[in-house]
1. Got a sec? Charge dipole of segment 247-372, +1 on Cβ for Lys and Arg, -1 for Asp and Glu; which of L341, H259, N361 is way out at the positive end?
2. Would you calculate the volume per residue, in Å³, of the smallest convex hull containing every Cα atom of segment 165-318?
3. What whole-number volume per residue, in cubic angstrom, does the convex hull of the C-alpha atoms of segment 227-336 give?
4. Amide H to amide H under 5 Å from K226: which residues, 5+ apart in sequence or cross-chain, H placed 1.01 Å off N in plane?
5. Just from the alpha-carbon atoms, what are the Rg and Dmax of segment 439-547 in angstroms?
6. For segment 345-472, how big is Rg over Rh, using alpha carbon atoms and the Kirkwood form of Rh?
7. What are the semi-axes of the equivalent ellipsoid for segment 295-380, taken as the square roots of 5 times the Cα gyration tensor eigenvalues, largest first, in whole Å?
8. Dipole of segment 439-547 (Lys/Arg Cβ +1, Asp/Glu Cβ -1, origin at the Cα centre): which of S505, G475, F452 lies farthest to the positive side?
Amino acid sequence: MKIRIIKQFLPAALAVIMLMQPQPIQAIEAKAAALETASIETVSEGQREAVFESDSWENPYTTYNGEEGALVISKSSAVPAAVESAGSLFGLKDIIYDNMLNRNASFAINYTGDTSNLKPDLQSIMAEIDAQDEYLSNSRGWYSWSATGYVNDATITFNVDYLHSKSDEDYIESETDSILSEIISPGMSDLEKVKAVNDYIVLNTQYSEETFASAHSPYAILTEGKGVCQAYALLEYKMLGKLGFERRYVVGNAGGVGHAWNSVNIGGNWYFIDSTWNDPLPDRKYNVSYKYFLVTQEYLDDDHSWEKSNYQQTGGDDYSYFHDMSYTFSDSDHIYYSSDLDGGALHSISVDGSGDIKLNNYKSYYMACYGDWIYYSNYSNGGYIYKIKKDGTVEEKLNTVHSTDLHMDGSRLAYTNNSTGLQEYIQLEEEPGKDAREELEIDPSYSWEEPFSQKTGQPEGKYWTVEFTKPLDEGSVNGENVFVGESDGGVLLKTDTSVTLAEGSKVEIKPVDGWESGGVYYLFISEGVRSENGESLGRGIRMKFTIE
C-alpha cells in the first residue's frame with residue numbers, strides 16, 4: 001500500500017527542500033529560531049530507486065516594521081531559464097552561481113551526479129557561493145529549491161527573489177564606474193579614496209524606506225537618492241571593491257535592530273565603516289559625520305553587536321581623530337569641523353590627521369567654504385551666520401537669523417531660515433582667482449552614446465579629430481553642438497575650444513589655451529550636428545579623456 005501511494009503521487013520524487021536566506025536590514029526584529037522538519041523514505045520502483053526527502057526552514061528575519069513578508073520587492077522575471085545539466089558538484093555550483101549572477105528568478109538543473117547527500121551538498125554549495133560573493137548573497141531576499149527524480153538523476157528547480165534585476169545591476173555597475181571617475185583623482189592615498197566613497201554616499205543619500213525601487217538595494221540610492229542601511233552597505237561594498245580594497249559586508253544589530261555595515265583593509269589593518277550612521281538624522285544634506293568612519297572593534301562594540309568570529313579583527317586607532325567630527329566640511333585636503341571634544345569649537349585638520357588647529361571658541365555648525373573664508377552657523381550666538389578666515393583670523397557676523405544647512409550656490413551663500421523654513425541667500429564677492437568659465441547644464445536623463453573608449457593620459461596640446469561617414473552641414477558644426485567640459489568639483493565647466501570642419505566630414509576640436517595637466521574632460525557632440533542632406537546625428541556622442 002505504501003509503495004502504491006508513492007507511485008501514484010510521487011512518480012519522480014527525490015527531494016523537496018526549501019531554504020530562505022536571512023536578510024539583515026535596519027529596523028528588523030528577529031523572530032524565533034528556525035523551524036525545521038525532515039523525513040526520508042526509500043522505495044524500489046522497478047530497477048530504479050526513488051527517494052522522498054523533505055525539509056523546510058523559516059527565515060527569522062521576516063518581520064519588517066511589523067509586517068509579515070514586507071522584506072523586499074522582487075524585480076526579476078519568474079520565467080524559468082532553460083534546463084542545464086551538471087554531472088558533478090563543481091558543475092552544479094557553477095550553474096547555480098551563473099544563474100544568480102544573471103538574476104534569474106527561476107531556473108532548473110538536471111543533476112546526474114551522486115544524490116545520496118544532496119541536501120548537505122547543496123547547503124555546502126550555497127555556503128561557498130555566499131562566502132565567495134558577499135555582494136550577491138546580500139542582494140537576495142530569499143531562495144528555495146526542490147528536487148524531483150531518481151537516485152543520481154534529478155531535476156533541481158530554484159526560485160530566487162532579488163533586491164533588483166539584472167538590468168538594474170548593469171546600471172549599478174556603470175553608474176558606480178562613472179561616480180568613481182569623478183570623485184577619485186590620481187595620487188590620492190588609500191585613506192582619501194575610502195573617505196571619498198563614504199562622503200559621496202552620505203552626501204547623496206537620505207535614509208528612507210519610502211522608495212519606488214527596493215529601499216534595500218543600491219539601485220534606489222543611485223536613482224532616487226534614498227535607501228536603508230543595506231543599500232548604503234552594498235553600495236559602499238561595491239565601490240570599495242572597484243577601487244581594489246579588501247572589504248567585508250558585516251551584519252548584526254545596532255540600536256536593538258538588524259543592521260548592516262562594512263569593514264575595509266587599509267595598510268594591512270581592518271577597520272569598520274558605518275556610512276548609514278555617518279549620515280545624520282534628520283537628514284543634513286550638506287554634512288558628513290565621521291563618528292563611525294574607520295573605527296575599531298572596541299569602539300563599535302559600544303552600540304553595535306555582531307558575530308565577531310565571522311570577521312577579521314580590527315587594527316589600531318590610527319584614525320581616531322575622525323571620531324571627534326559630527327559637523328564637517330571638506331575642502332581639498334583639509335576638513336573643517338566642530339569639535340565634539342572641544343565644546344563645538346571650529347577646528348581645521350588635514351585628512352591624514354596632521355596640523356589640527358583651533359580656529360575659534362564658538363559652537364560652530366553647518367560649515368561652508370568659499371575662497372579663503374569659512375562660513376558657519378554660530379550656535380553660541382543665536383545660530384547667526386559668521387565667517388572666519390581659514391587661518392583663524394578676521395571673524396565677523398553676516399546676519400541675525402538663525403541659519404542652518406549652509407552651502408554654496410555659485411557665488412551665493414545659501415542657508416535655511418530656521419524660523420520660516422525657507423531658503424535664503426547672501427551674495428558674496430567673486431572669489432579671487434575663481435574660474436569664470438560657464439557651467440554646462442547637461443540633462444542627467446539624456447542617454448549619450450559612447451562609441452569611443454576613455455582616453456587617459458593625453459598630452460596638454462592634444463586635439464581631437466572625429467570623422468563621420470557622410471559630409472556634414474558646415475552650419476551645424478559649431479560651439480553649440482560640439483563642445484568640451486572640464487570636470488570640476490562635481491560640475492562641468494565649458495572649456496574654450498575651436499571647432500572646425502575639415503575635408504567635409506571631419507570635425508577638429510582644439511583647446512585654445514591647452515588642456516590643464518591632470519584635468520578630466522568630456523567631449524560632447526550633440527544631435528544638432530547634421531549631414532549635408534539634413535540628416536540628424538541621432539543620439540549625441542560623449543567621450544571622456546584625461547590629461548597627463
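Nothing in this text is a laboratory measurement; each read-out follows from the coordinates by a stated rule. Model, not experiment: these values are computed from the prediction. Heads up, the Cβs are rebuilt from the backbone with ideal geometry, glycines too, and the neighbour counts pull from every protein chain shown.
1. H259
2. 116
3. Expressed per residue, the convex hull around the Cα atoms of segment 227-336 is 118 Å³.
4. So K226 has HN proximity to Q206, I221.
5. Calculated on Cα positions, Rg and Dmax stand at 13.5, 41 Å.
6. Values: Rg = 21.6 Å, Rh = 18.4 Å.
On the Cα set of segment 345-472, Rg over Rh gives 1.17.
7. Values: eigenvalues 179, 41, 22 Å².
Semi-axes (√(5λ), whole Å): 30, 14, 11.
8. F452
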